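Structure first, then comments.
The values are calculated or read from the model by the stated rules, or taken from the named source; none is laboratory data. Given the structure is predicted, the values throughout are model-derived calculations rather than measurements. These area figures cover heavy atoms from the full protein model, side chains too; ligands, DNA and RNA do not enter into them. Shrake-Rupley method; radii C 1.70, N 1.55, O 1.52, S 1.80 Å.
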Amino acid sequence: EGLMKEVARLKGTANNEEMGPDAVPSCVRLSPSSGESNSDATLRDVGNSNESNSSEPAAKKAKLDSPAMICAFAEEEQRRFDSIRNVTETSKLVHRIASFLDPSSLCRCLCVAKSWSKQNIFQDQDLWLNHCIKRFGAVAVRKWQDFEDDEDDKEKSVSPNLDLYCRMAERNVKPPCSLEGSAFMGGSSLDGLVSGWVSLMERSNGETSRSVMLSQGNDGKRSYGPIPVVELRILLQNTGFSNGVISFPNQQFSVDASTRRKGEKMMEVCSDERFKKRVLHVEKRGGEVVSKSKSLCEDMCSLALFEYAVLSVHIHARGCSTAAKFCNRAKKVQLLVSIDGTTRPLVIPFYSFNGEP
């Protein structure tokens, strides 16, 4: 409204100037006096031409700052604003755009304008249900929906699936995976961008003793010996970074088993090729599955939004003859994650054997 008032005022000013006295037409010229010589007339014409050349930039600037030019610029801005408003007020087009956005972008769009919030385009039930299934899996989403249906004092919401996604993300619910171990160790999240869960592969007898190659001589002879070894399955998922991929550089894993009196780390088994870490499974978008079993050189894996991978790592569990002793002594594991070119640590604390953190 203020812009239209300014346009109307400038139009009135321009009309008044057009009706006022104008400059002398270019066709009307004062002839030089009869007593003036040709040389004097030539010098006067040269001086006039220099003055006109010096005044050209000032004339251009005055023309740009004139009320007519300002009116034209204001009308152009008004037309551009109207075209943008027509696009944003078309619900079908905005709904189509919203289908390509990630959860973080959808939440930011809810804060743009009241008209968008009233249309409930970015709170669409099907849209948020699709995000829930992509991240957490259909089985986990169905369980949480059944649990909420059983609650009698549940308050009604404009978008129940949006609230469902927020609650499941707050609890850091992991996606379904059949390659996890039998004993769940713990899970954690790094600023809602990447999450990790660790499980333990237990043997049938519960023991950890394995025959491992300890060294290899120059003559090719290999020496083996029994040492306690446990296998950890690490499930990693990109849960909130949509501006590219999250990569996990090749690194050596260790489990922190420190106590109040001394620090202790259980290192990864690297001497035996059979127990080196590897990527077992990578779940890509569209259901594409990539399996890797060879040794890793650069990055272990790279994950886009909602993609996940499973790593297999063997740890030298010193002083732990059984898996139960390892669960009681192990405290946490730390991974390095590369997010947007910055390497950050992801710390996954373990639960104790009785289920307490």
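List of remarks:
- Largest-first ordering by accessible area, 1.4 Å probe, given options ARG203, ARG222: ARG222, ARG203
- Comparing Cα centroids, the range 239-278 and the range 156-194 end up 22 angstrom apart.
- In Å², nearest 10: area of LYS262 left accessible to a 1.4 Å probe: 130
- Overall form of the range 192-254 per C-alpha gyration tensor (a/c, 1.5; a/b vs b/c): oblate
- Given LYS284/LYS332; LYS134/LYS265; LYS221/LYS262, the pairs whose alpha carbons are separated by over 32 Å: LYS134/LYS265; LYS221/LYS262
- In Å², nearest 10: area of TYR308 left accessible to a 1.4 Å probe: 30
- At q = 0.14, 0.18 Å⁻¹ the log10 of I(q)/I(0) for the range 190-336 amounts to -0.76, -1.10, computed by Debye summation with a single uniform scatterer per C-alpha, solvent ignored.
- Computed over protein heavy atoms with a 1.4 angstrom probe, the accessible surface ordering of SER159, SER204, SER117, largest first, is SER204, SER117, SER159.
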